[in-house]
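*Asks:* Pasting a structure here, questions to come.
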Amino acid sequence: MLIESIQVALLLLHERREGNELVHHLLSRASKVLPSSTLDDWLSRIPRAISLTKGDSVEDYFNIQDHPIEEDPLLSVMLSSLPYFSDTSIAAKWHFPCQLNDFFAVAILEISDDEEICELDITELVYGERADDFTDIEEIQQGATSYFLTCCNSLTQITNLSATDTGNQVLQRMCYASIITAMEAYLGDVMKREVLNREPVKVRFVEHYKPFSSQNFKLSNIYIQLDKLDKLITEELDGIAFHNLVIAKQMFESVLLTKFPQKEMAELNRAVKTRHDIVHRNGKRTSGELIEVSYDEVVRLKDIVHRFTIHIDQQILDGFVTDDQ
């Protein structure tokens, strides 16, 4: 499935005779190297892949890049980006061909010494008891929230898709709008998790959310109201358009005590307006002019959203909106 996905992406580039040169190079090399590679070939290169990727940052992982190793084409493919698009999981780290992470774990065990320490994954036990505590520790150690990593992955897939046909305006407009959607999903998911899982944050939300201030009820009904509070909060948060950065900014500052970076706000507001016209006006401005979006503009917006979400995510991690705030 991995080879098929790469070949499809490469075919799109050939048919359109357009696209990013680096993307074309990465896909072409992989399509030549992978068909002749064996499981033993992959396994034998994992130790060196581990060594060569030590110290790589989250940003390094999500950027399209080439790591050529002249004497080892397969290792080059493993360490470099593979900008294909797939609806299902078909590869693990270093593009190891497998659909389940369990198989990748078996591969790691296969190359490990029998005497090496093996850490047991107790994820299911954690989620059955105190998942939030362990999530905090995990995210602090990896330097990013799970929602940020999901957002980065979406941004990468969107720009990879955009690169497959840079002259297709329908595709470019769709990708441009999807980047704003990815940002909106990140903001909404972070807000919902923090509000629902942290009591002090929930209190701030209830105190500052204007629609709640107009509601009155009898004191005798207080426990009834408390029982349905989480459901009510969830419904309200699901109804908020977090791509409206004015509303989102106010909520993040008052509820999560988190500041939006001013440097990116002007460009993001313009992008949000463009996204609105793409989604709700069939890609036309109010003047009737058709919006044209280039691949470079898609990449530029991706970079802006990436910087914007990093700035917010680091504030979420710095103290993790602790109970004493």
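*Asks:* In the stretch 141-156, is there at least one residue being more than 19 Å from the chain's Cα centre (by Cα) and not charged (D, E, K, R)?
*Replies:* no
*Asks:* Among Y176, Y209, which is the only one that is modelled with pLDDT of 90 or more and in the same structural domain as D277 (by TED's automatic domain parsing)?
*Replies:* The conditions single out Y176.
*Asks:* Only one residue in L219, L161 is in the same structural domain as L257 (by TED's automatic domain parsing), of a type in the set (A, V, I, L, M, F, W, C) and touching a residue at least 24 places away in the same chain (Cβ under 8 Å). Which one?
*Replies:* L161
*Asks:* Still on this structure: Does the stretch 64-74 include one or more residues that are closer than 22 Å to S294 by Cα, at pLDDT 75 or above and within 27 Å of the chain's Cα centre (by Cα)?
*Replies:* Yes, the stretch 64-74 contains at least one residue that is closer than 22 Å to S294 by Cα, at pLDDT 75 or above and within 27 Å of the chain's Cα centre (by Cα).
*Asks:* Can D303 be described as out of contact with any helix residue (DSSP H, G or I) (no Cβ under 6 Å at 6 or more places or on another chain) and at pLDDT 95 or above?
*Replies:* Answer is yes for this residue.
*Asks:* For the stretch 203-248: of the residues being surrounded by 10 or more Cβ atoms within 10 Å (Cβ to Cβ) and aromatic (F, W, Y), which is nearest to N269 (Cα to Cα)?
*Replies:* Looking at the filtered set, the residue picked out is F242.
*Asks:* Can you pull out the residues in the stretch 246-265 that are closer than 11 Å to R204 by Cα and without any contact (Cβ under 8 Å) to a residue 24 or more places away in the chain?
*Replies:* The answer is E253, and nothing else.
*Asks:* So, in the stretch 136-148, exactly how many residues are crowded, with 18+ Cβ neighbours inside 10 Å and closer than 18 Å to F308 by Cβ?
*Replies:* The qualifying residues number 4.
*Asks:* Kindly indicate whether L196 is assigned by TED's automatic domain parsing to the domain that holds L256, assigned to a helix (DSSP H, G or I) and surrounded by fewer than 15 Cβ atoms within 10 Å (Cβ to Cβ).
*Replies:* Criteria not met by L196.
*Asks:* Among the residues of the stretch 275-283, are any small (G, A, S), surrounded by 11 or more Cβ atoms within 10 Å (Cβ to Cβ) and part of a loop (DSSP other than H, G, I, E, B)?
*Replies:* yes
*Asks:* For the stretch 217-240, what are the residues that are assigned to a loop (DSSP other than H, G, I, E, B) and either on the phi > 0 side of the Ramachandran plot or modelled with pLDDT of 75 or more (or both)?
*Replies:* K228, G239, I240
*Asks:* Out of K263, K202, K259, report the one residue that is part of a loop (DSSP other than H, G, I, E, B) and at pLDDT 85 or above.
*Replies:* K259
The values are calculated or read from the model by the stated rules, or taken from the named source; none is laboratory data. None of these values were measured; they are calculated from a predicted model. Positions of Cβ are backbone-derived with ideal geometry, glycine not excepted, and every protein chain shown enters the neighbour counts.
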